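The values are calculated or read from the model by the stated rules, or taken from the named source; none is laboratory data. This structure is a prediction, so every number in the text was calculated from the model and none was measured. Cβ coordinates were reconstructed from backbone atoms using ideal geometry, including for glycine residues, and neighbour counts include every protein chain displayed.
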Amino acid sequence: MRRLLIAGLAASLLLATGVAPAGAAGRPSYLVGTSDGSNLRFAVDGNVVAQARASAPANQAKTPIEIGSFLRGEVFYGTIDEVAVYDRPMDLKTVARHYRIGTSGGDYERAVRQTPGLLAYWRLDDTTAARAADVLGRHPGVYRPGTALRVPGLLAHDANRAAAFDGSLGDVVVAHAADLAFPRGFTLEAWAAPGAVRDQAVVSNNSWFIKSDPVGHWGFGIFAGPKITSVYAKQRYETSPAPIALAPPRRKTTTHSGGRKGHNDSGSSVALVMWIAIIAAVVAGWLLYRSRRRRDQGDSDGPGSGPGDGDGDGDGSEVRDAAKVGS
């Protein structure tokens with residue numbers, strides 16, 4: 001019974017904070033979204049998991065690139081590493097090769113640099129928040145408050161560090177540039193280790209995005225005119241303990257292109273309700289256990305049982321003994 005109580009309390013704390021328990025650490029996800037102007041293809045961990053046809057190419061919005069957020073909303077909670085953008089669709093052979101190098105060891109930076117069409121590459125291993133360096137030196141970004149720098153990276157056998165975001169404020173902003181507005185085909189690439197299941201963006205602007213839905217499916221999409229074309233993986237991602245504390249959600253609501261409102265992070269409200277329900281269930285279970293224990297001890301008392309026997313219910317024992325004698 002004590003183990004049940006401890007498990008229930010641990011589960012309630014987990015739901016209240018939205019953080020995965022230490023024993024449930026999952027591997028990071030390698031995410032690649034490609035578009036050739038008319039087709040979307042989304043790969044997770046080197047394999048295509050979803051694809052769709054788009055009605056038109058992505059909008060040419062003149063908005064910044066955001067790493068870890070979407071129009072200042074849907075802020076990522078966890079670690080992001082090795083973000084790159086290309087001006088053409090990446091072929092499946094290259095996708096598989098990058099994933100293999102990233103998970104088994106090898107010169108990942110060199111592999112990315114040698115990939116045709118590379119426009120910008122942020123390793124997120126910076127030492128100062130003033131500059132999120134682009135390896136190519138073209139498009140540096142700026143870290144905003146709520147970011148932890150130099151956290152463990154997500155590549156295997158690679159000493160490179162990464163950045164973690166607090167789920168409320170932290171992200172990286174890269175100023176708009178003409179060569180980052182893809183007229184037709186493009187590729188988005190990143191590694192991510194979420195610390196909680198929630199609606200959160202990995203990399204985005206007002207033309208395209210890689211993000212997750214509120215229940216833990218990775219997705220990739222574009223804004224084409226007033227429409228949104230997106231594809232999502234069927235399998236849910238695993239969470240990992242994040243190297244930064246989850247900050248309280250902001251109350252700001254963002255509006256996406258086409259009038260679509262940003263998702264407010266309602267996870268805290270849901271977690272509070274579930275936390276109360278779990279505590280109530282634990283208390284009810286404890287009361288039921290105590291009631292059954294007292295009843296069982298009362299049934300086992302013999303005629304010679306004294307007032308101090310059992311669970312300290314002296315008055316009840318005397319009443320039961322008197323009833324037996326009178327009968």
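The residue that is nearest to residue 174 (Cα to Cα), among those in segment 70-95 that are outside any strand (DSSP E or B) and touching a Gly at 6+ places or on another chain (Cβ under 7 Å), is 71.
Considering only residues in segment 207-242 that are over 14 Å from residue 50 (Cβ atoms), surrounded by 15 or more Cβ atoms within 10 Å (Cβ to Cβ) and small (Gly, Ala, Ser), the one that is modelled with the highest pLDDT turns out to be 216.
Table: residues versus (1) surrounded by fewer than 20 Cβ atoms within 10 Å (Cβ to Cβ); (2) assigned to a helix (DSSP H, G or I).
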site	(1), (2)
97	yes, yes
106	yes, no
111	yes, yes
129	yes, no
150	yes, no
165	no, no
197	no, no
202	no, no
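Applying the set (1) assigned to a helix (DSSP H, G or I); (2) surrounded by fewer than 19 Cβ atoms within 10 Å (Cβ to Cβ) to residue 102 leaves exactly one unmet item: (2).
Identify, from the list 88, 138, 97, 110, the residue that is of a type in the set (Lys, Arg) and over 20 Å from residue 186 (Cβ atoms). Walk me through it before giving the result.
Details: 88 fails: over 20 Å from residue 186 (Cβ atoms); 138 fails: over 20 Å from residue 186 (Cβ atoms); 97 fails: over 20 Å from residue 186 (Cβ atoms).
Unique residue meeting the criteria: 110.
With the structure loaded, tell me whether residue 123 is in contact (Cβ under 8 Å) with a residue 12 or more places away in the chain and in contact with an Asp or Glu (Cβ under 8 Å, 6 or more places away or on another chain) or whether it fails that test. It would help to see each step written out before you state the result.
Numbers: in contact (Cβ under 8 Å) with a residue 12 or more places away in the chain: yes; in contact with an Asp or Glu (Cβ under 8 Å, 6 or more places away or on another chain): yes.
Spelling it out, residue 123 is indeed in contact (Cβ under 8 Å) with a residue 12 or more places away in the chain and in contact with an Asp or Glu (Cβ under 8 Å, 6 or more places away or on another chain).
Taking the conditions (1) of a type in the set (D, E, K, R); (2) part of a strand (DSSP E or B); (3) more than 21 Å from the chain's Cα centre (by Cα) in turn, residue 189 satisfies each one other than (3). Quick check on residue 222: is it in a strand (DSSP E or B) and farther than 24 Å from residue 154 by Cα? Here the answer is yes, as residue 222 does meet what is asked. Screening residue 93 against (1) of a type outside the set (Asp, Glu); (2) under 20 Å from residue 222 (Cα atoms); (3) at pLDDT 95 or above leaves a single unmet condition, (2). When residue 182 is tested against (1) touching a strand residue (DSSP E or B) at 6+ places or on another chain (Cβ under 7 Å); (2) within 21 Å of residue 206 (Cβ to Cβ), exactly one condition is not met: (1). Residue selection: residue 245 satisfies the criterion of being at pLDDT below 95 and assigned to a loop (DSSP other than H, G, I, E, B). For the residues 178, 164, 190, the requirement of being modelled with pLDDT under 95, out of contact with any Gly (no Cβ under 6 Å at 6 or more places or on another chain), of a type in the set (A, V, I, L, M, F, W, C) and more than 11 Å from residue 65 (Cβ to Cβ) singles out 178. Residues of segment 1-39 that are buried (at least 16 other Cβ atoms within 10 Å of the Cβ), under 23 Å from the mean Cα position of the chain (by Cα) and modelled with pLDDT of 50 or more: 28, 29, 30, 31, 32, 33, 34. Contact map, segment 94-108: first residue among the hydrophobic types (A, V, I, L, M, F, W, C), second residue surrounded by 17 or more Cβ atoms within 10 Å (Cβ to Cβ), Cβ cut-off under 6 Å, separation 6 or more or different chains; pairs are 95/32; 95/43; 101/108.
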